[in-house]
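I have placed the structure first, in the form of structure tokens, so that the comments after it can refer back to it.
No value in this document is a laboratory result; all are computed from the given coordinates. Bear in mind the structure is a predicted one, so any value in this text is a computation, not a measurement. Cβ placement follows ideal geometry from the backbone for every residue including glycine, while neighbour counts extend to all protein chains displayed.
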Amino acid sequence: MRKAKVLRIPPPESTANEPQANPFGLVIFGASGDLTRRKLIPALFRLMRSGLLPKHWYVIGSARTQMDDDDFRKHVRESIRVVEESGPIRTAEVEHFLGRFHYLAGDSQESGYYSRLTKRLNELDKDHQTGGNRLFYLATPPDSYTGIIRQLGEAGLNRPVKTARWNRIVIEKPFGTDLTSAQTLNRKVAQVFKEDQVYRIDHYLGKETVQNILFFRFANAIFEPIWDRRYIDHIQITVAESLGIEHRAGYYERAGALRDMFQNHLLQLLCLIAMEPPANFDADTVRDERTKVLKSIRPIPPDEIDRFAVRGQYGPGLVNGREAVGYRAEPGVARDSATETFSALKLYIDNWRWQGVRFYLRSGKRLAKRKAEVAIEFKWVPHLLFKPLTPKDIQPNTLVFRIQPEEGIQLTFQSKHPGPKLCLDNVMMEFDYRGSFKGPSPDAYEHLLLDCLIGDQMLFARRDWVELSWAFITPILEAWAKAPRVPIYEAGSTGPHEAEALTEQDKRQWRSL
Ligand code: BG6
């Protein structure tokens, strides 16, 4: 496909009106874990370097591993090496950063731990002059969540201290494993924290390109009028990964693709694409609109799940030219596992805007490529002047939000091929982040951590949203649990053949990966 030229207008540089984070103390439960090492510490370091952290702040790492502050700081030092890969960092900066990190070993399920934690927090609030604002971050396995939340409540750590402006908690996904468990967890959280203190993370909402869906839709006048069933034929949301489950068999065996990717990331993408324009840009107004989308999804009748939902599990194959073992041969996976590593769904949104428009969603591991995108497929032209061509002979317009890896937006349209013969060609207008904006986009965790500190809940999942998403997903999980035969697809392919049938029954096709 040929590319058309696109004019790029650079954005203004000013950040003058951006809200500032207050001084804070951050307690990370699960401080010796992968998430802390790979995401949280590098995100904090980058935020500090960008001048987005306040002058006064500190971190307490909490985990069972016996360590003192110095040992923990060695781990922290290792974690920020990844930042060095994008340019040298100054020793003074590193020292300044490390000086903020403290460690408190112990069992976060036991009440004795919390009297020590309270004492340490009180001391460090004074030493670091933070005024007592505290952020508790649950980066532990999910089975520890309720224990920690209960203990925080019993120790009174759920309430802001007198000198503080706020006290908040961040909860990582997975938030429950089905509707009942999510409701139970929500109830337990609500017994201890008010909803405006709770930040349920979905890291997809922190991605620049995902947030840009909102700006694209509501900061441009020309797209919204055609954003409905009159002009759009169908929408495809794809999150394909070439990686397998890595070392996460313990978690993934119980999760599977539908819980791991759909209940959260893919449904959030769907909501951003399908929501109505909010009345303003307040966190709850925007979250109300996202929630309304979930309320409008047509439930899938339990006896028709197979017409709307497909699953698959990767077998052995070649991914990017390298041999990959099948899922059942991965360490820690049962040899007869029925866990799905791929899912695809077709759904409808029953409201005025979207009546009759099909939404196709798919996500899987060990696919041919890593690619995440949302594609808006417009309708065919109603009548074609250029005989002998008919409307079906030409490609309808497609607008694609490329979320990763090559972040950008592209619009395809028809153009006359130069020359005397009548010939149409599909061409593309393209905007790419790298070319248009200087430097790499911030990691999703930088956005989200900063929002927790500022107190902006827009990019976090609200209690009702979480329960509605599980209400939609759970019947599919239940139907699959009753019929545990999972089609196998070849690693490095585009997924199971059954997924093709999902679009072919509507005479549509998945986009190529
Ligand atoms: C996580 C899932 O939430 O998202 C992982 O648990 C998945 O299984 C990951 O690999 C994908 O995130 P990203 O940002 O790499 O697309």
Using the Kirkwood radius over Cα pairs of region 291-356, the Stokes-Einstein translational diffusion coefficient at 10 °C and 1.306 mPa s, in µm²/s and rounded to a whole number, is 107
I'm checking a number: the convex hull volume of the Cα atoms of region 41-119, normalised per residue, in Å³. What is it? 103
Which angle from 0 to 90°, rounded to the nearest 10, does the C-alpha axis of helix 208-218 make with the longest principal axis of the chain? 60
Under a plain spin-label model, where a point goes 7 Å from the Cα along Cα-to-Cβ, how far apart in nm are Asp393 and Lys507? 1.8
In what sequence do Thr36, Thr163, Thr503 fall when counting other Cβ within 10 Å, fewest first? Thr163, Thr503, Thr36
Point-to-point label distance, Arg64-Ser50, nm (Cα→Cβ direction, 7 Å offset): 3.6
Divide the volume of the convex hull of the Cα atoms of region 118-215 by its number of residues and quote the answer in cubic angstrom per residue. 136
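Counting other Cβ atoms within 10 Å, keep those with at most 16, restrict to DSSP loop, and tell me which trypsin sites (Lys or Arg not before Pro) in region 178-234 are left.
Passing sites in region 178-234 are Lys194, Arg229, Arg230.
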DSSP bridge orientation in the chain - percent antiparallel, rounded to nearest 5: 55
When only Cα pairs under 8 Å and 6 or more residues apart are kept, what is the percent relative contact order across the chain? 19
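Using the Kirkwood formula on the Cα atoms of region 217-372, what hydrodynamic radius do you get, in angstrom to one decimal?
Averaging 1/r across every pair of different Cα atoms and inverting gives 17.4 Å.
Just to confirm the filter: which trypsin sites (Lys or Arg not before Pro) across region 108-160 are DSSP coil and have at most 14 other Cβ within 10 angstrom of their Cβ?
none
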On each of the three principal axes the extent of the alpha-carbon atoms of region 458-513, given in whole Å and largest first, is 37, 31, 26
Counting other Cβ atoms within 10 Å, which trypsin sites (Lys or Arg not before Pro) in region 344-376 have at most 10 and lie in a DSSP loop? none
Once you have the Cα-Cα distance between Arg217 and Val82, take 0.36 nm times their residue separation minus that, and quote the gain in nm to one decimal. 45.2 nm
Quick one: what Rg and Dmax do you get for the chain from the alpha carbons, in Å? 24.4, 84
Listed pairs Lys346/Lys369; Lys74/Lys207; Lys295/Lys369; Lys162/Lys292; Lys74/Lys126 exceeding 27 Å between Cα atoms: Lys74/Lys207; Lys295/Lys369; Lys162/Lys292
If each DSSP helix of 4+ residues adds -39,500 (n - 2.57) and the sum is divided by the residues in the chain, what number results at 222 nm, nearest 500 deg cm²/dmol? -9500 deg cm²/dmol
Please figure out what share of the DSSP beta bridges in region 54-172 is antiparallel and state it in percent, rounded to the nearest 5. 0
Within region 130-158, what residues put their amide N at less than 19 Å from the label point 7 Å along the Cα-to-Cβ vector of Lys188? 136-158
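Give, rounded to the nearest 20 debye, the magnitude of the charge dipole that the chain has about its Cα centre when Lys and Arg contribute +1 at Cβ and Asp and Glu contribute -1 at Cβ. Kindly include the intermediate steps, with their values, before the conclusion.
Details: 73 positive and 65 negative charges, 139 e Å.
Using only the charged Cβ atoms, the result is roughly 660 debye.
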Starting from a Cα-only point model with no solvent, please compute log10 I(q)/I(0) by Debye for region 244-290 at q = 0.14, 0.15, 0.20 1/Å. -0.49, -0.53, -0.69
Can you compute the FRET efficiency between Glu246 and Cys423 using 1/(1 + (r/R0)^6), with r the Cβ-Cβ distance and R0 = 51 Å? Round to the nearest 0.05. 0.60
Once the mean 1/r over all distinct Cα pairs of region 181-290 is inverted, what Kirkwood radius in angstroms do you read off? 16.7
Given region 333-484 reduced to its alpha-carbon atoms as identical point scatterers, what log10 I(q)/I(0) does the Debye formula return at q = 0.11 Å⁻¹? -0.77
Pull out the extension gain between Trp380 and Arg230, defined as 0.36 nm times the separation in residues minus the alpha carbon to alpha carbon distance; nm, one decimal. 52.9 nm
Taking +1 at the Cβ of each Lys and Arg and -1 at the Cβ of each Asp and Glu, which of Ile169, Ile148, His383 sits farthest along the dipole of the chain towards its positive end, judged by Cα position relative to the Cα centre? His383
